[in-house]
1. Any idea what the dipole of the chain comes to, in debye rounded to 20, about its Cα centre with Lys/Arg Cβ at +1 and Asp/Glu Cβ at -1?
2. Kirkwood Rh, the stretch 37-170, all Cα pairs: how many Å?
3. Hey, got the dipole for the stretch 124-236? About the Cα centre, +1 on K and R Cβ, -1 on D and E Cβ, debye to the nearest 20?
4. Using per-residue counts of other Cβ atoms within 10 Å, averaged over each peptide, order 105-118, 212-225 from highest down.
5. 7 Å from Cα along Cα→Cβ at both residue 84 and residue 110: what's the point-to-point distance in nm?
6. Obtain the radius of gyration and the Kirkwood radius of the chain from its C-alpha atoms and give Rg over Rh.
7. Based on the alpha carbons, how large is the Rg to Rh ratio for the stretch 151-236 when Rh follows Kirkwood?
8. Filter the chain for me: DSSP H helices, axial length by Cα at least 27 angstrom, mean Kyte-Doolittle hydropathy not below 0.5. List them by residue number.
Amino acid sequence: MLIQEAMSVFWQSLRDTWEELLPLTVVNIAWFLSWALPLFAVVSLAVPVLTVLLLLLGVFLFPMSTAGIYYVTHRVARGKTFHFADFIDGVRLYWWRAILWLLANILVIWLIFVNLWFYSSRVQGVWGLVIGGFWLALMFFWIVMQLYFWPMLIQLEEPRMLMAWRNSALLILVNPFYAFFFVSFTALIAVLSGVVAIVLIFAGMTIIALLGNNAVLILLHKLGKIDDPRPPTPPV
C-alpha cells in the first residue's frame with residue numbers, strides 16, 4: 001500500500017509545483033543565486049583572501065538557503081500558502097542548524113571514505129569486498145537520511161537535530177520500499193537538474209524539497225503519528 005503512496009507523493013509534488021509555480025520559482029531562483037553568485041565570482045578573482053572568503057560564503061549559504069526552501073515547501077505540503085518572507089524566516093530560524101548539518105555531513109562522509117580506503121588497502125579477497133560493501137551501504141544510507149532530515153526537523157515541535165536524524169533512519173527502516181521509490185524520484189529530479197540548467201535554476205530544489213516534505217508527512221500520517229496534513233475541505 002505504501003508503494004502506491006510513494007507514487008502519489010511524486011505526482012502530488014508536481015501538482016504542488018504547478019499550483020504554486022510563480023512563488024516557488026522566485027524562491028528557487030533566490031536559493032540558486034544565494035550560493036551560486038559567490039562561487040561564480042571566485043572564478044574571476046585573483047586575490048587569494050577574497051577567493052577563500054567568497055568560497056566559504058557560497059558553501060555556507062547553500063545549506064542555509066536549502067533550509068529556507070524546505071521551510072516554505074513544508075507549508076505547501078500542508079496545503080498552505082506562503083510568501084517570500086517565509087523563505088527568509090526559514091533561513092533565519094535554521095541557519096545555524098544548517099551549518100552544523102553541512103559540517104556533520106562533511107565529517108561523516110570523510111570518516112566513511114577514510115575507513116573505506118583503510119580497509120580496502122589492508123583486507124583483500126572476499127572479506128575486503130564485504131567490508132567495502134558495508135561502508136558503501138552505510139554511506140548510501142546516510143545520504144538517504146539527509147533527504148528525510150529537513151522535513152523531519154521542521155515537523156518536530158522542538159527541532160532537535162539528533163532526533164531528526166534518528167527519526168529519519170527509523171522511517172527508512174520502517175518501509176525501505178517506500179524509501180527506495182522516494183529516493184528514485186528525487187534522483188530523477190536531481191539528474192534532470194544537473195543536465196538541464198534551467199530546471200536547477202527555476203524549479204529543481206523546490207521539487208526535491210516538496211518530494212521530501214510530502215514523503216515524510218504522508219508516511220507519518222500512514223503510521224498514525226500525525227493527523228492528515230491535508231484534511232479534506234468540508235462541504236459548504
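1. 360
2. On the way: mean 1/r = 0.0582 Å⁻¹.
After inverting the pairwise mean of 1/r, the radius is 17.2 Å.
3. Values: 5 positive and 4 negative charges, 24 e Å.
Dipole about the Cα centre, nearest 20: 120 debye.
4. Values: 105-118: 13.4, 212-225: 20.6.
Ranking, from highest mean packing down: 212-225, 105-118.
5. For the pair residue 84/residue 110, the computed spacing is 3.7 nm.
6. Numbers: Rg = 19.2 Å, Rh = 19.1 Å.
We get a ratio of 1.00 for the chain.
7. Working: Rg = 15.0 Å, Rh = 14.4 Å.
Reported Rg/Rh, Kirkwood definition of Rh: 1.04.
8. Working: long enough: 21-43 (32 Å, 1.96); 48-77 (43 Å, 1.53); 84-122 (53 Å, 1.07); 125-155 (45 Å, 1.57); 176-195 (28 Å, 1.93).
Membrane-span-like by this rule: 21-43, 48-77, 84-122, 125-155, 176-195.
Bear in mind that the values in this text are calculations on the coordinates, not laboratory data. Treat the numbers as computed from the prediction; the structure is a model and nothing was measured. Note that each Cβ is placed from the backbone with ideal geometry, even for glycine, and that neighbours are counted across all protein chains shown.
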